[in-house]
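For reference, the structure is listed below as structure tokens.
The values are calculated or read from the model by the stated rules, or taken from the named source; none is laboratory data. Since this is a predicted model, take the numbers as computed values, not measurements. Counting neighbours? That spans all protein chains shown, and the Cβs are built from the backbone with ideal geometry, glycine included. Each accessible area value is taken on the protein alone, full model and side chains, heavy atoms only, with ligands, DNA and RNA left out. Shrake-Rupley method; radii C 1.70, N 1.55, O 1.52, S 1.80 Å.
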Amino acid sequence: MILLQSPSRFLLQILQDRLLSPDKGVDLDCHSVEFDDVRYHIQFSMRNPHVVVLSVSLPIPPPEAIFFDGLPFGAIEAIKAAYGAVAQILDPPKDGYNLTMKLNLSKLPSDEEQRQALLVKIASVREVVLGAPLRFVLKNLATKTVAPEMDQLIALVHRPKESFFLLPQAEKVTVVYPMRFQDSTDIVLATSFLQELIESRRTAGLNNAPSCMWSPSPPLELKGAPAQALTANAGFVTFVIFPRHVEGKKIDRTVWSLLTFHAYVSYHVKCSEGFMHTRMRRRVESLIQALDRAKPESEKSKKLVSGKSFKRLSLNEARSNSNS
């Protein structure tokens, strides 16, 4: 199993290169798109080589997900806490983007380790912004409390026009994902993958992992959710998070894993599909080779009407002739 990484490699590489040679660079204006339609626009100017302008576009939220001024609940506070004096939020953001920040690289810490950690945090702006409400809920779970404004079913955006749901309680937080896929093959593979995931949770080595359930119909926790949010062609996955799962630094991994769960499943579904296609092609090739070996020489050489003969080439011979 491969886990997606929180920092954007595109952003991190650009920031590191600019930091190494701020006076030898050139004006830069480039765009990048990540999974789930998160887009970045990064700009440098040699007139002010220590300043970076970073704009971020988030997935379009569904009606049930609540955004404040184009950002999830608690995103502004999370940005200020994560980046401090290095980042200045520009209001309004650039057209077509939810967030625009001016980053002053001259204010990065002088210590090499701390500077690198902050660069990684800047490259993880997706997690900081989209994960802000989820982190707020899980921090309250660590202290076994529930914030007054978060004591009901909460919808959080994670894909364009799609959301997952939180049901916060003092002792646990229930997380429910409606799993949707467009391709019919993906639906079959995802359903099988999720059922196997539930079975693997029951092994002895995963006793401390969050409990995991799958059902073809909406669970009771989604009672009161809008009807359009309850359509899922690959069922519903439910995780139950307890305080032990968000202790100390565990909260960072928990936030990112929950935020990208659908992308994690989609990635492995596509990998499984590609693997099966490769196996099928190899199997067909081996069967063709077996048929070629089984033909007697008299059948391999046939005559044309003109009296000339030709020889049917095997698969390997045809490939070698085409390469030559």
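Hull volume per residue, based on the alpha-carbon atoms of the stretch 9-273 and their convex hull, is 152 Å³.
Plainly put, the stretch 231-292 has a radius of gyration that is 1.30 times its Kirkwood radius, both from alpha-carbon atoms, as the Rg/Rh ratio. When the Debye formula is applied to the Cα atoms of the stretch 161-236, each taken as the same point scatterer, what base-10 log of I(q)/I(0) results at q = 0.18 Å⁻¹? Summing over Cα pairs of the stretch 161-236 leads to -0.82. Extension gain, residue 80 to residue 170, is 29.7 nm, computed as 0.36 nm per intervening residue step minus the present C-alpha separation. Over all orientations, the stretch 104-248 has a Cα convex hull whose mean projected area works out to 11.9 square nanometres. Beyond 32 Å between alpha-carbons counts as too far, so tell me which of 94/223; 107/139; 102/144 fall in that bin. Checking Cα-Cα distances, 94/223; 102/144 exceed 32 Å. Accessible surface computed residue by residue for the chain, with neighbouring protein chains in place and a 1.4 Å probe, gives 57 Å² per residue.
Taking other residues whose beta carbon is less than 14 angstrom from the beta carbon of residue 76, and scoring Lys, Arg as +1 and Asp, Glu as -1, yields -1. In terms of accessible area, using a 1.4 Å probe and ignoring ligands and nucleic acids, 149, 34 rank largest first as 149, 34. On a per residue basis, the convex hull of the C-alpha atoms belonging to the stretch 25-121 measures out at 120 Å³. Helices of the chain meeting both criteria, an alpha-carbon length of 30 angstrom or more along the long axis and an average Kyte-Doolittle score not below 1.6, with helices taken as full DSSP H segments, do not occur. Heavy-atom surface analysis with a 1.4 Å probe gives the stretch 9-273 a carbon and sulfur content of 55 percent of its accessible area. With only the Cα atoms considered, the stretch 68-118 has a convex hull volume of 83 Å³ per residue. Quick one: grab the alpha carbon gyration tensor of the stretch 174-284, order the square roots of its eigenvalues as a ≥ b ≥ c, and give me rounded if a/c is under 1.5, else prolate or oblate depending on whether a/b is larger than b/c. Verdict is oblate for the stretch 174-284.
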